[in-house]
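Taking it in order: structure first as structure tokens, then the write-up.
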Amino acid sequence: SRRQRQMCIRDRYQLSKNKKLVVIVMGSLGSTSMSEKLLELIPSFKSCSYEVLLVTGKNYYERYQKVDTPSNVKIVPYLENMLGVLKVTDLIVSRAGASTVAEITALGVPSILVPSPYVTHNHQYKNAKELESVGATKVITESEFSKSTLLPAIDSILNDEKEYQTSWKQLENR
């Protein structure tokens, strides 16, 4: 059943069955610039009521082994079953590539998108702004990405039921 599959995924990554899940992923390989910012951010999640599954990318996983990680943060190098994980995700923080945007839109996963400034014709920014224009995501540029921008954005989506439902409905209508 769907519920059993969801529990299986949560068990696999040692995730709580009662807390909301925020997945943070900056691409399968990770991102040098975002990795530095995320390393600094990890301790900030300690007092949060939700869990974080941080996907580092295979190239950056080792860097995270030395960080004092709160118990509500799980760190993995890569997700074998990204689609399955997205089905149990309450919010994703991600880049805004075409495949990612298509997946989160199809599944109706609320998001905070951090477009890569290093792509041709700034297409990730355009993808993200298109979704933001209809209330389906929040956009944080890489230069603005920090504890002071990310944590309030996560809280506003997860804790404001009206905003969460609006985001979800806008995705559903895309």
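The values are calculated or read from the model by the stated rules, or taken from the named source; none is laboratory data. Small disclaimer: the values here were computed from a predicted structure and weren't measured. Virtual Cβ from ideal backbone geometry, glycine too; neighbours counted across all protein chains shown. Remember, those area values only see protein heavy atoms, side chains included, never the ligands or the DNA or RNA. Shrake-Rupley method; radii C 1.70, N 1.55, O 1.52, S 1.80 Å.
Would you be able to say whether some residue in the stretch 39-61 is surrounded by 16 or more Cβ atoms within 10 Å (Cβ to Cβ) and basic (Lys, Arg)? There is no residue in the stretch 39-61 that is surrounded by 16 or more Cβ atoms within 10 Å (Cβ to Cβ) and basic (Lys, Arg). Only a single item in (1) touching a Lys or Arg at 6+ places or on another chain (Cβ under 9 Å); (2) farther than 20 Å from LEU158 by Cβ; (3) among the aromatic types (Phe, Trp, Tyr) is not met by TYR50, and it is number (2).
Among the residues of the stretch 1-31, write down those that are β-branched (Val, Ile, Thr) and either open to solvent by 80 Å² or more (accessible area, probe 1.4 Å) or more than 25 Å from LYS147 (Cα to Cα) (or both). Passing the criteria: only ILE9.
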